[in-house]
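Colleague: Submitted below is the structure of interest, expressed as structure tokens.
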Amino acid sequence: GSLPKWVVNKSSQFLAPKALKKMHRACLQYPEWKQKHQPHHKPWLFPEQSRLPLLTLAELSLQHADSLENIDESSLAETKDDRGDASDDDSV
């Protein structure tokens, strides 16, 4: 579903800057935190440190978008629960 325009506008004015400020503060504290928590463990630089299970090429497959299943939901009715508390029609 889509979000009402007022929700997008409010979130981009207030929530996004607030979230970015929190993320910036956390990023500033990261070097000190990392020195205390496995400072030499950097799997993004050294893949051999990764603890994730490896996949063989045989397990991977290339899937093209035109081969994906298309599901037609146009005949489904939208319920009040699907819309949430407000919809675009409720705006003044």
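Colleague: Of all residues in the stretch 40-65, which are part of a helix (DSSP H, G or I) and either more than 30 Å from residue 30 (Cβ to Cβ) or touching a strand residue (DSSP E or B) at 6+ places or on another chain (Cβ under 7 Å) (or both)?
Modeller: Once the filter is applied, which keeps residues that are part of a helix (DSSP H, G or I) and either more than 30 Å from residue 30 (Cβ to Cβ) or touching a strand residue (DSSP E or B) at 6+ places or on another chain (Cβ under 7 Å) (or both), the stretch 40-65 yields 57, 58, 59, 65.
Colleague: Can you spot a residue in the stretch 23-38 that is surrounded by fewer than 10 Cβ atoms within 10 Å (Cβ to Cβ) and not in a helix (DSSP H, G or I)?
Modeller: yes
Colleague: Now a separate question. Restricting attention to the stretch 62-72, which residues are within 24 Å of the chain's Cα centre (by Cα) and open to solvent by 100 Å² or more (accessible area, probe 1.4 Å)?
Modeller: 62, 63, 64, 69, 70, 71
Colleague: Residue by residue through the stretch 2-60, note down the ones that are of a type in the set (Lys, Arg), under 30 Å from residue 78 (Cβ atoms) and without any contact (Cβ under 8 Å) to a residue 60 or more places away in the chain.
Modeller: Filtering the stretch 2-60 down to residues of a type in the set (Lys, Arg) leaves 5, 10, 18, 21-22, 25, 34, 36, 42, 51.
Adding the requirement that they be under 30 Å from residue 78 (Cβ atoms) leaves 5, 10.
Of everything in the stretch 2-60, just one residue is of a type in the set (Lys, Arg), under 30 Å from residue 78 (Cβ atoms) and without any contact (Cβ under 8 Å) to a residue 60 or more places away in the chain, namely 10.
The values are calculated or read from the model by the stated rules, or taken from the named source; none is laboratory data. It should be emphasised that the depicted structure is a prediction, and the values quoted were computed from it without experimental measurement. In this analysis, Cβ positions are derived from the backbone assuming ideal geometry, glycine residues included, and neighbour counts consider all displayed protein chains. With ligands, DNA and RNA removed, areas are computed over all heavy atoms of the protein, side chains included. Shrake-Rupley method; radii C 1.70, N 1.55, O 1.52, S 1.80 Å.
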